[in-house]
Amino acid sequence: MLRVTDTLFIADWEITETFNRASGPGGQNVNKVSTAVDLRFEAERSPHLPAPVKARLKRLAGRKWTLDGAIVIQVDETRSQARNREIARERLVEMIGQALVAPKRRVATKPTWGSTQRRLAAKSVRGEVKAMRGKVEGEE
């Protein structure tokens, strides 16, 4: 089980990890050892996540979200398979943690009387400047 918060846990069946050969540092070891990890989390089928959290998670995941409702995280940063696996799990927990935070509702406010007066004064000044830009008559 993967612990996201004190009350939210992700079951092992919801996560699958596949390992493959990574590019990057490692010398000849790169061609022999599968150190890169592809972590797949079945977010859409998860009974532990409420619907609003799933919607926010889909928006946060972006291109990592697949058509069948899974999140795929690819990590090949280190030479160690175990460390890449830890990084992938940390990223998943971080992403779910961000999705758990509901955004604040925006409260509409009116502009202050003073800001309205300043805006109108600036508009009238600008209008006068533009009015002065015309053809000059009588000087030929």
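Some points to look at:
- Ala108 meets the conditions (1) under 20 Å from the mean Cα position of the chain (by Cα); (2) at pLDDT 90 or above; (3) assigned to a loop (DSSP other than H, G, I, E, B) in every case but one. The failed one is (1).
- Criterion (among the small types (Gly, Ala, Ser), in a helix (DSSP H, G or I), surrounded by fewer than 10 Cβ atoms within 10 Å (Cβ to Cβ) and out of contact with any helix residue (DSSP H, G or I) (no Cβ under 8 Å at 6 or more places or on another chain)) met by exactly one of Gly134, Gly114: Gly114
- Test result for Val72, assigned to a helix (DSSP H, G or I) and touching a residue at least 12 places away in the same chain (Cβ under 8 Å): no
- Some residue of region 6-26 being surrounded by 17 or more Cβ atoms within 10 Å (Cβ to Cβ), out of contact with any His (no Cβ under 9 Å at 6 or more places or on another chain) and part of a helix (DSSP H, G or I): no
- Among the residues examined, Arg45 does not qualify as assigned to a helix (DSSP H, G or I) and among the charged types (D, E, K, R).
- Residues of region 75-94 classified as in a helix (DSSP H, G or I), surrounded by fewer than 19 Cβ atoms within 10 Å (Cβ to Cβ), in contact (Cβ under 8 Å) with a residue 12 or more places away in the chain and of a type outside the set (Val, Ile, Thr), total: 3
The values are calculated or read from the model by the stated rules, or taken from the named source; none is laboratory data. Everything numeric in this text was worked out from a predicted model, so none of it was measured. For neighbour counting, all protein chains shown are included, and Cβ atoms are generated from backbone atoms with ideal geometry for every residue, glycine included.
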